[in-house]
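To start, the structure itself, in structure tokens.
The values are calculated or read from the model by the stated rules, or taken from the named source; none is laboratory data. Fair warning: this is a prediction, and the values are worked out from it, not measured in the lab. For neighbour counting, all protein chains shown are included, and Cβ atoms are generated from backbone atoms with ideal geometry for every residue, glycine included.
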Number of protein chains: 2
Amino acid sequence: MTKSSGRASKRRTKINDVAKRAGVSISTVSRVISNSTHPVNDQTRERVLRAAHELDYAPSALAKAMVTKKSFMVGVIVGDTMDPFFAAIVRGVEDVGREKGFLVIVANSDRKPDLEYQYIKTLNDYQADGIIFAGGGLKDEEYLENVTKTLEKFQNRDAPVMTLGNHLFPSYGVMVDNEMIIYDAAQYLIKLGHRKIGYITGPDNITTSELRLVGYSRAMQEIGEKEWIFAGDYMYDGGLHAAEEIVALNEKPTAILASNDRMAIGCAVGLKKLGVRIPADISLISVGGITSTEFISPPITSIYLPLYDLGAEAMRKLIRIREGKEERLGKTILKHGLVERASTAPLNN
Amino acid sequence: MTKSSGRASKRRTKINDVAKRAGVSISTVSRVISNSTHPVNDQTRERVLRAAHELDYAPSALAKAMVTKKSFMVGVIVGDTMDPFFAAIVRGVEDVGREKGFLVIVANSDRKPDLEYQYIKTLNDYQADGIIFAGGGLKDEEYLENVTKTLEKFQNRDAPVMTLGNHLFPSYGVMVDNEMIIYDAAQYLIKLGHRKIGYITGPDNITTSELRLVGYSRAMQEIGEKEWIFAGDYMYDGGLHAAEEIVALNEKPTAILASNDRMAIGCAVGLKKLGVRIPADISLISVGGITSTEFISPPITSIYLPLYDLGAEAMRKLIRIREGKEERLGKTILKHGLVERASTAPLNN
DNA sequence: ATGAAAGCGCTAACAT
DNA sequence: ATGTTAGCGCTTTCAT
């Protein structure tokens, strides 16, 4: 076997080296390096610190994790980091993670059950101190069975399972009120005088889509108006297709409610391309909170979701739970808001 | 000491449990589980596999990493995951990482030297199998000294240090030709008849900014035109401010070259707000490859950078090097391209 | 206040 | 083909 590369040679400094140099036992070194509460003479402490510094000692986090059973790693499962929606969440997780000394591992699942399951297992193998599921829950049965089983191992290790959406396995949650979000968006359009409101759904394999649809249905029922549904996928193309469908209609909705930002953008681009003026001909409102809705023209009116905070709060809660400071399997609900921009206008006819 | 949470109790299945159940030694279990080349009787293998399955055995990646000295974790240092520029890179890294069995740890540095240094140390503590620096290099002196020292430990562990920009410490690289990128963008404008071309720079603590500026300077020199520089920061606001500066000028450039997408977007929004028509009054070209330049109106002409591929290729190369299949400390250069959209037009006067 | 020694869960020689 | 054993680098009783 050819050695992979010859240049490497210097041995990593380990606790024993420091101990020797400081003329103490490794236990003492361990105590001062890891800030143990165990008493250590100030002089000794000094000597150890100096030796450690001179040898440029960096304790192995792996060895430490192994014995303490705390890896200080957490995994966050997202659909796609390139989706600004998830990017904001990940950033929130990462910021508080770093502050508290946690490493965050990003797992892109593309919403595929088996990929996601694979990742969950791997994170368990690494004894991740917790796992955060961003986005809505998958409904695939086999997935649920497998995942639920693996997540029990997390529980057994006191590694909290956090969800930011409604998942179908036991978990702690930090979330927004998915039904109200859409309901509020619809209400906003209704207050502007719209009644013929189209709705672009999310993909139907995700729990969030269901809940959001309920919000829309409720709003429509209240005004006694029929539902006007366009099947979406939370992607740019879904919005684009909806736009094409809409334009092909004889009787058109006067307002469109897209259940996420990406589809709203796709829809806006599609409508404009097909000669529909926003909001003169059709009003458009989205749900999300990613910045690009702001730069497009017209800037899109949105229900703002606190994405960054969702991630940050999930991470904080995870840590609290892991430290035994919070026992309830409760769901924390974060508030959403409305950002009025130029894509919506009162109905005028 | 109060136990943090009482519910947990089930012990994790370990290799020894499987060995007992299968009636073999732990070495044999190890051999079949880790797919060792060491011969194992098919019958025995079967028994082990069955036992492992029955006990739902999941080997500790931590223990394995410790003894093999391969953690199968890599860190990727980015300015900000929320920046689509970095998001694309991270996705590239992650996709090939997953395929090859690597976990990727995302570190947001916000381009701050001490944050970045902190992360590098931590990644070393975890014995990351490699580290990828996305984005341009920092020039801070103290940072460089510290980082260079820590990165030597990566070398000593045969953990490749990869950079996607021009960094000031030894590393393997996958990058674009920063000078040519800008030069090509300028050439495009020049071919459209523009001569009075403004340039929005990147922040001056980053190596990439320098290189890009050289590309601009060279293009201007070739046509004997004076440089017209607006100080930027690679952020939306930088572009916005540049727009304000430009509008306040008596004699205005006829075209603007923004050294990244975000600033181009900021600039476009700013110019439009101040009544400047793009491209009728001023042409605008950007450098990057993030999708939002496509949705804004007018869609922005850009030099396209292969961001995803930069990440993917860096990860591939990292693995190759780690396996000893590639020794050269060479830089791989990936090609850029031009995407013509609606923000540029021939000069007409 | 310090040290010795027993693990944490695994792999990799080295026997047999 | 299988088993024994010595680590990997640390923390943590349990002595002293």
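Descriptive notes on the structure:
- Selection of the range B:124-133 for residues being out of contact with any His (no Cβ under 7 Å at 6 or more places or on another chain) and more than 8 Å from every other protein chain (Cβ to nearest Cβ) yields B:Ala128, B:Asp129, B:Gly130, B:Ile131, B:Ile132.
- The residue pairs whose first member lies in the range B:24-40 and is near DNA strand D (Cβ under 8 Å from one of its atoms), whose second member is of a type in the set (Lys, Arg), and whose beta carbons are closer than 8 Å, counting only pairs six or more residues apart or on different chains, are B:Val24/B:Arg47; B:His38/B:Arg31; B:Val40/B:Arg31.
- Condition check for B:Gly311: assigned by TED's automatic domain parsing to the domain that holds B:Phe102 and modelled with pLDDT of 95 or more: yes
- Residue check, B:Val76 assigned by TED's automatic domain parsing to the domain that holds B:Leu103 and at pLDDT 95 or above: yes
- Residues being closer than 11 Å to B:Gly136 by Cβ and either of a type in the set (A, V, I, L, M) or more than 17 Å from the chain's Cα centre (by Cα) (or both) - total across the range B:150-175: 3
- Residue that is farthest from the chain's Cα centre (by Cα) [pool: residues in the range B:104-117 that are in a helix (DSSP H, G or I) and more than 10 Å from chain A (Cβ to nearest Cβ)]: B:Asp114
Matching residues to (1) more than 8 Å from chain A (Cβ to nearest Cβ); (2) of a type in the set (A, V, I, L, M); (3) within 17 Å of A:Ile77 (Cα to Cα):
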{"site": "B:Asp56", "(1), (2), (3)": "no, no, no"}
{"site": "B:Ala61", "(1), (2), (3)": "no, yes, no"}
{"site": "B:Ala88", "(1), (2), (3)": "no, yes, yes"}
{"site": "B:Arg91", "(1), (2), (3)": "no, no, yes"}
{"site": "B:Gly97", "(1), (2), (3)": "yes, no, yes"}
{"site": "B:Phe102", "(1), (2), (3)": "yes, no, yes"}
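- One residue alone among A:Glu142, A:Glu152 is in contact (Cβ under 8 Å) with a residue 12 or more places away in the chain and farther than 25 Å from B:Gly79 by Cα, and that residue is A:Glu142.
- Residues in the range B:259-279 that are assigned to a loop (DSSP other than H, G, I, E, B) and in contact (Cβ under 8 Å) with a residue 40 or more places away in the chain: B:Ser259, B:Asn260, B:Ile278, B:Pro279.
- Filter pass, B:Lys196 being away from chain A (no Cβ under 14 Å) and without any contact (Cβ under 8 Å) to a residue 24 or more places away in the chain: no
- A count restricted to the range B:159-168 and to residues that are modelled with pLDDT under 95 and farther than 14 Å from B:Gly135 by Cβ stands at 0.
- Selection of the range B:134-170 for residues being within 14 Å of chain A (Cβ to nearest Cβ), in a loop (DSSP other than H, G, I, E, B) and not hydrophobic (A, V, I, L, M, F, W, C) yields B:Arg157, B:Asp158, B:Pro160, B:Pro170.
- Condition check for A:Ser71: among the hydroxyl-bearing types (Ser, Thr, Tyr) and more than 10 Å from chain B (Cβ to nearest Cβ): no
- Elements of type helices (runs of 4 or more DSSP H) in the range B:18-86, at least 3 residues being more than 12 Å from DNA strand C (Cβ to nearest atom): B:42-54
- Flag if B:Glu46 is away from every other protein chain (no Cβ under 12 Å), surrounded by fewer than 18 Cβ atoms within 10 Å (Cβ to Cβ) and over 30 Å from A:Gly324 (Cα atoms): yes
- Qualifying residue in the range B:72-95 (condition: out of contact with any Asp or Glu (no Cβ under 8 Å at 6 or more places or on another chain) and within 12 Å of DNA strand D (Cβ to nearest atom)): no
- Per the listing A:Ile282, A:Ile256, A:Ile246, A:Ile223, the residue uniquely buried (at least 24 other Cβ atoms within 10 Å of the Cβ), more than 20 Å from A:Leu305 (Cα to Cα) and either without any contact (Cβ under 8 Å) to a residue 12 or more places away in the chain or away from every other protein chain (no Cβ under 13 Å) (or both) is A:Ile282.
- Here B:Glu323 meets each of (1) more than 13 Å from chain A (Cβ to nearest Cβ); (2) without any contact (Cβ under 8 Å) to a residue 24 or more places away in the chain; (3) charged (D, E, K, R) with one exception, condition (1).
- Residues (more than 13 Å from chain B (Cβ to nearest Cβ) and under 24 Å from A:Ile285 (Cβ atoms)) located in the range A:306-320: A:Pro306, A:Asp309, A:Leu310
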